[in-house]
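Taking it in order: structure first as structure tokens, then the write-up.
The values are calculated or read from the model by the stated rules, or taken from the named source; none is laboratory data. Model, not experiment: these values are computed from the prediction. Here the Cβ positions follow ideal geometry from the backbone for every residue, glycine too, while neighbour counts run over all protein chains shown.
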Amino acid sequence: MKLQYIILPTIMVIITACGGKKSSAPVVDTPFTSDTTLSPVDTTAVDVDTIPEYYSADLRKFGLHGMVRSVQTRDYGNFVTCLSGPLSFSPDGVLLSKFPDLLDNEISENLKGFIDETECHEADGTSFQLEFTNWDEENNPISGKYTSDGHDSVWEVTFTITYLQYDRENNWIARRIKGEAVTRDKNSSGEIVSSQSEPFSSTETRSISYYK
């Protein structure tokens with residue numbers, strides 16, 4: 001099967017593990033909050049020539065600039081990926097985090113070295129797939145598709161991402177995800193018996209610490 005993020009990052013990018021009921025997750029719109037004192041910036045005004053190079057291959061995978069020590073994402077309860085949980089890196093930029101909560105964690109990268117797809121499973125067979133499809137000129141993902149496939153239903157979101165705020169290293173610290181969520185219910189044989197769609201909106205914030 002083709003590998004299927006959120007930043008997620010980070011992933012995504014980005015993302016707490018939870019049960020199979022995630023396939024029927026409710027639509028939410030989390031209020032924008034941030035513990036940083038930085039003011040929001042116009043994302044169209046960022047000078048890409050001033051963005052620092054990636055310090056390591058692992059940091060590049062997540063699209064992180066500078067000597068990042070850790071990344072903690074909040075308000076990310078809707079998508080589950082095999083990168084769930086905080087990220088931590090060594091002073092050399094090597095990813096230290098382990099992700100044992102889910103099974104068969106798989107990650108793929110695009111030709112530029114950024115994570116573009118993740119896939120993982122829970123013990124009951126529920127699968128979580130995240131795919132990023134487009135990036136902006138700052139190498140942040142701006143669109144994608146998420147699918148949670150459980151025993152009772154399939155929850156699928158086709159989304160776009162708008163970046164609201166960056167920190168001093170030009171790493172995003174607030175973004176909004178919007179799209180269309182489709183829930184497909186299954187019968188006891190696993191066949192799709194009904195389908196309904198509704199708007200999806202969620203705001204993510206994250207704090208990033210650096211070695212210097």
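Annotations
- Selection within the stretch 125-158: residues that are aromatic (Phe, Trp, Tyr) and within 14 Å of the chain's Cα centre (by Cα). The member of this set that is farthest from Phe200 (Cα to Cα) is Trp135.
- Test: residue in the stretch 172-184 that is in contact with a helix residue (DSSP H, G or I) (Cβ under 8 Å, 6 or more places away or on another chain), part of a strand (DSSP E or B) and not acidic (Asp, Glu): yes
- Pick from the stretch 77-109, criterion in contact with a Ser or Thr (Cβ under 6 Å, 6 or more places away or on another chain) and not in a loop (DSSP other than H, G, I, E, B), ranking: surrounded by the fewest Cβ atoms within 10 Å (Cβ to Cβ): Ser88
- Taking the criterion of being hydroxyl-bearing (Ser, Thr, Tyr) and assigned to a strand (DSSP E or B), the residues of the stretch 116-144 that qualify are Thr118, Ser127, Thr133, Ser143.
Residues checked against (1) touching a helix residue (DSSP H, G or I) at 6+ places or on another chain (Cβ under 8 Å); (2) closer than 30 Å to Lys212 by Cβ; (3) at pLDDT below 95:
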site: Arg69; (1), (2), (3): no, yes, no
site: Thr73; (1), (2), (3): no, yes, yes
site: Gly85; (1), (2), (3): no, yes, yes
site: Leu102; (1), (2), (3): no, no, yes
site: Ala123; (1), (2), (3): no, no, yes
site: Glu138; (1), (2), (3): yes, yes, yes
site: Gly150; (1), (2), (3): yes, no, yes
site: Ile161; (1), (2), (3): no, yes, no
